[in-house]
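A short reminder: the numbers here are calculations on the coordinates, not readings from a lab. These numbers were taken from a predicted model, which means no experiment stands behind them. Cβ placement follows ideal geometry from the backbone for every residue including glycine, while neighbour counts extend to all protein chains displayed.
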Amino acid sequence: MTRTILVTGASSGIGAATARLFLEAGWTVGLMARREDALREVAGDHAAAHVLPGDVAVPAEVEDVVARFVAASGRLDVLFNNAGIFVPAAHIDETSVENWSRAVSVNLTGMFLMARAAYRVMRGQGGGRIVNNGSISAHVPREGAVTYTVTKHAITGLTRQLALDGRSLGIACGQIDIGNARTPLLEGIDAAQRTAGRDGVPMMAVEDAARAVLHMAELPADTNVLTMTIMANAMPYVGRG
């Protein structure tokens, strides 16, 4: 039986790399993001790719995307709960309530809504797996990133709660904390730091992060990676400033 995965934020970066890798590995893949044209580019001519435009922050769109994917593929084995945004870097007193709300709606509420819809399907089919993208920011902050840091810390709580509650239902939940995969967003941060006369950002290939997600997804039902940290080796994460 062909395994199935729904990937959010699949139009670029980590989500796009993950969707492509799973398609190459023979999975049926649902690709969700707001930009349909970008999703179609990622899907290419793969017959097993399902392009599902939608906004993770809109409850009705989340429910519709999940329902359409399950109707097309028959079941939902894995959700890669990946979609997230950055808002402009700033100290907390310079961070607008609008930017705070934007970050929370996508990075936290959006992941809650996707997990909620997937969990319901997985409960009904007798099991499944949810992989949340937490980020290194779930452990340590980047300067000026109060909205992103707070929302990613909250994802750790979501992961642990789902891992606990899902045990009796055959639903595994784990979190992958990715540090500096080479994406357009991170390349922008790197360019800004270099322009300001600071060191650039150590980065790793985005495909390495995707392979880690595939490893988590392919584990047997009785095994779970609760948290995995994969990072560019030169990151200062494990040292003191």
In order over region 132-137: 3J(HN,Hα) from phi, Karplus 6.51/-1.76/1.60, θ = phi - 60°, whole Hz, x for each Gly or Pro, gives 8, 8, x, 5, 3, 5
Name the residues whose placed amide hydrogens come within less than 5 Å of the amide hydrogen of G179, ignoring near sequence neighbours (fewer than 5 apart) on the same chain. I136, I230, M231, A232
Two pseudo-spin positions, 7 Å from Cα along C-beta at V238 and at R123, lie apart in nanometres by 4.0 nm
Among V131, V87, rank each residue by its count of other Cβ atoms within 10 Å, from fewest to most, as a rough exposure measure. V87, V131
At 7 Å along Cα-to-Cβ for each site, give me the label-to-label distance between H139 and Q161 in nm. 2.3 nm
In what sequence do S11, S96, S168 fall when counting other Cβ within 10 Å, fewest first? S168, S96, S11
As a footprinting exposure proxy, order W100, W27 by other Cβ within 10 Å, with the fewest listed first. W100, W27
Computed log₁₀ I(q)/I(0) - Debye formula, equal Cα scatterers, no solvent, the chain, q 0.09 Å⁻¹: -0.36
The long-range amide H neighbours of I130, using H built 1.01 Å from N in the peptide plane and a cut-off of under 5 Å, are L79, A172, C173, G174
Nearest 0.05, what FRET efficiency do V97 and A47 give at R0 = 51 Å with Cβ-Cβ as r? 0.65
Label point at T223 placed 7 Å out along Cα→Cβ; residues across region 127-147 whose backbone nitrogen lies under 16 Å: 129
Cα centre as origin, Lys/Arg/Asp/Glu Cβ charges: the chain dipole, Debye: 480 debye
